[in-house]
Structures are given as structure tokens and as C-alpha cells.
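S.K.: If you scroll down you'll find the structure; I have some questions about it.
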Amino acid sequence: MDQTFQLPEPIETFLATALPRMRSEPTLAGVAAGGSFIEKRLDPYSDIDLVVVAKDAAYAELFERRFQFAEELGDLVNAFTGEHVGEPRLLICLYGDHPLHVDLKFVNLTDFTDRVEDPVILWERDGLLSETVAAHPGRFPPYDAEWVEARIWTWVHYGATKLGRGEFFEVLDMLAFLRVQVLGPLSKVVDGQLPRGVRRLEQDQPDRVAAFLTTVPTSVTFDDLAESLSSAADLYAALRAKLTVAPTNMRERPERVARTYLARIRREHA
């Protein structure tokens, strides 16, 4: 394990207990850490993402007792599976009274070849994880400008319909969706970063914060929500223009229709 940076105390304490238990588990090929651990950007508020890699033949048996295994790693407060984020192999855990959030993703060695990143190997048996990482580098899903352009203006129109009906919390959800799924990733790509939503936007893209704040209403009122939705559309168009490779099929008519509809809704409620 890389010891060239200082781990936050809760993570260091957890690993001091968990890693020896993992080393003694005969079904395991190794364990690796992803996310902020890779970038050495852990702080007192960080969780830790662990990939628990089992030997292929032993995976089913380990997965069946994954809750018991999690209990053996430390003072387990709570644990549940990750179907809500589309990952049933994930066990989301809280440890200790601090508490520490730990994600345990259980995979077999074959599936370890399919990764979005190259994790830090904390422990491995017979070099199995290192060999897999070397042979199968991780690849983060790229930002798909065509996919977004095909959808964005229908999403803006949908938000405008909720605004017109007075479903303000629906509009709040749509604005958050646009920031996480469209504006954040697009902004990151424009600045040469991985399209990871709005993660650490304040630290990594301070010059963009003011623009993103225009998509956050100062109050839950028609006028503020309408202004924020319009600002989200404007920010998308401005960022899209900065792409090195713009979408080849620009949806000019959908953009015009959505913007015109939003403007009409605003006039009707003026």
C-alpha cells in the first residue's frame, strides 16, 4: 500500500483492522481502493471505496456472506446493498461512532478487468490484481456530447411544464439533474477533466462557480425558478460552444422550441 501520503485517522484506523482480516480470507485475490484514494485527496470528510476481489471459483460463496464479512472488518453500524445506484454488488457501510462511510464492492477476478479507473492496490495475493490492472487499464466513460444534445432541450421543456403547473419541487429536481448529468460533466470536459458531475467543482473550477450559482434559485418562487431554468439553458449553450469537438447534429429546432415555450410560460405568469 502506498504510504506517501497521510490517511485521515478514521480511514487509517479502519484499514488497520480490516486489511489483516482480508489477508486471512482464503477466498480473496486482493483488495483495492478507488475514488479520492487514487488522487490522494482524502480529508476528514472522505469515505473510502474498496473493491473486494474474490477468486472466480470462490466469489459466489463470499458474496452470499458479504454482510457477515463486512461485520468482521470493524465496528459495523449499518449496511445495505446498492441497487438504488444500479450496483447490486455494492455494500454501503457505516463503521464506528465517528462514523466512517465505506463502500465495499464485491467482484470476481474476471470482472475486475472491467473498471472505470485504476485503483490503489492495498493488498493482493500472488500479484493477481497488479497483473489484471496492467493487462486491462481502467477507462472512465467519456462525455457523450451527441447523447446530451439529443435530450437537453426536451429536458428543459419538461422543466418548463412543471414550472407552469406550479410543481416547484419538480423544477428543483430538474435543475439538480441538469447540473449533475449535463452541466457539471460538460464543464469538466471543457476544462480537460474527467466528467464527474459536480464533484469538487468549488475546488477544481472556482471560475465556474458563479455561473453554476445562476442555476440555483435564491427562493422557491416562480420567478426565481424560471430564471434558474433559463440560466441552465444558457450555461449549457455557452459550455457547448467551448467543446473541442461540438455535437455534429445540433438540435437547433428543439432548442428554439424549448426556449420559446419557457419564455411563453414566463409571460403568462408575469
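S.K.: For Q6 and H98, what does the FRET efficiency come to when R0 = 22 Å and r is the distance between their Cβ atoms, rounded to the nearest 0.05?
M.R.: Between Q6 and H98 the formula returns 0.85.
S.K.: Can you check what the Kirkwood hydrodynamic radius comes to for the chain, Cα pairs only, in Å to one decimal?
M.R.: Every distinct Cα pair counted, the radius reaches 21.2 Å.
S.K.: Under unit Cβ charges (Lys, Arg +1; Asp, Glu -1), what dipole magnitude, rounded to 20 debye, does the chain have relative to its Cα centre?
M.R.: 1200 debye
S.K.: Relative to the first principal axis of the alpha-carbon coordinates of the chain, what is the inclination of helix 252-268, with its axis defined by its Cα atoms, in degrees from 0 to 90 and to the nearest 10?
M.R.: Around 70 degrees separate the two axes.
S.K.: Hey, quick one: spin label on S36, modelled 7 Å out along Cα-Cβ, who in region 182-210 has an amide N within reach, i.e. under 13 Å?
M.R.: Answer for region 182-210: 199-204.
S.K.: Report ³J(HN,Hα) in whole Hz for each residue of region 45-57, in order, from the Karplus equation J = 6.51 cos²θ - 1.76 cosθ + 1.60 where θ = phi - 60°; Gly and Pro get x.
M.R.: With coefficients 6.51, -1.76 and 1.60, one gets 9, 6, 9, 9, 9, 10, 9, 9, 9, 9, 4, 3, 5 Hz.
S.K.: From the residues A70, A233, F169, which one has its Cα farthest along the dipole of the chain in the positive direction, the dipole being from +1 and -1 charges on Cβ of Lys/Arg and Asp/Glu about the Cα centre?
M.R.: Most positive-ward Cα: A233.
S.K.: For A135 and A58, what is the calculated FRET efficiency with R₀ set at 25 Å and r taken between the beta-carbons, to the nearest 0.05?
M.R.: The pair A135/A58 has a calculated efficiency of 0.75.
S.K.: Quick check: net charge around E87, other residues with Cβ under 14 Å of its Cβ, Lys/Arg +1 and Asp/Glu -1?
M.R.: For residues surrounding E87, the net value is -1.
S.K.: For W123, which sequence-distant residues (separation of 5 or more, or a different chain) have an amide H within less than 5 Å of its own amide H, given hydrogens modelled in the peptide plane?
M.R.: It is V31, by chain and number.
S.K.: Next question, about the same structure. Under 12 Å from the 7 Å Cα→Cβ point of D114, by amide nitrogen: which residues of region 35-67?
M.R.: Within reach of a label on D114: no residues.
S.K.: Find the relative contact order for the chain and round it to a whole percent, using C-alpha pairs within less than 8 Å whose residues are 6+ positions apart.
M.R.: 16 percent
S.K.: Looking at L178, V189, P254, which one has the Cα that reaches farthest to the positive end of the dipole of region 145-268 (charges on Cβ: Lys, Arg +1; Asp, Glu -1)?
M.R.: The Cα lying farthest towards the positive end belongs to P254.
S.K.: Over the chain, with a Gaussian network built from C-alpha contacts below 10 Å, which listed residue (N78, N108, N249) shows the highest mean-square fluctuation?
M.R.: Judging by the Gaussian network model, the answer is N249.
S.K.: While we're looking at this one, here's another question. Give me a comma-separated list of calculated 3J(HN,Hα) values for region 147-164, in order, Karplus coefficients 6.51, -1.76, 1.60 applied at θ = phi - 60°, integers in Hz, x for any Gly or Pro.
M.R.: For region 147-164, the Karplus curve yields 4, 5, 4, 5, 10, 4, 6, 5, 5, 4, 4, 4, x, 5, 5, 5, 4, x Hz.
S.K.: Can you tell me the length gained on complete extension of the stretch H269 to F67, counting 0.36 nm per residue apart and subtracting the Cα distance?
M.R.: Working it through step by step, the gained length comes to 67.4 nm.
S.K.: In whole Hz, what ³J(HN,Hα) sequence does region 82-93 give by Karplus (6.51, -1.76, 1.60; θ = phi - 60°), x for Gly and Pro?
M.R.: x, 4, 5, 10, x, 9, x, 7, 8, 10, 9, 10
S.K.: How much length, in nm to one decimal, is gained on full extension between A16 and A246, taken as 0.36 nm per residue of separation minus their Cα-Cα distance?
M.R.: Extending this stretch completely gives an extra 78.0 nm.
S.K.: Excluding A270 itself, what net charge comes from residues whose Cβ is under 15 Å from its Cβ, given Lys and Arg +1 and Asp and Glu -1?
M.R.: Its environment carries a net charge of -1.
S.K.: Right, something else. Neighbour counts of other C-beta atoms within 10 Å: give me L50, L15 arranged from fewest to most.
M.R.: L15, L50
S.K.: Can you give the net charge of the other residues whose Cβ lies under 11 Å from the Cβ of R115, counting K and R as +1 and D and E as -1?
M.R.: -2
S.K.: Would you order W155, W147 from fewest to most other beta-carbon atoms within 10 Å of each residue's own beta-carbon?
M.R.: W147, W155
Here, each number is a calculation from the coordinates, and none is a lab measurement. These numbers come from a predicted model, not from an experiment. Note: ideal-geometry Cβ built from the backbone for every residue, glycine included; neighbour counts use all protein chains shown.
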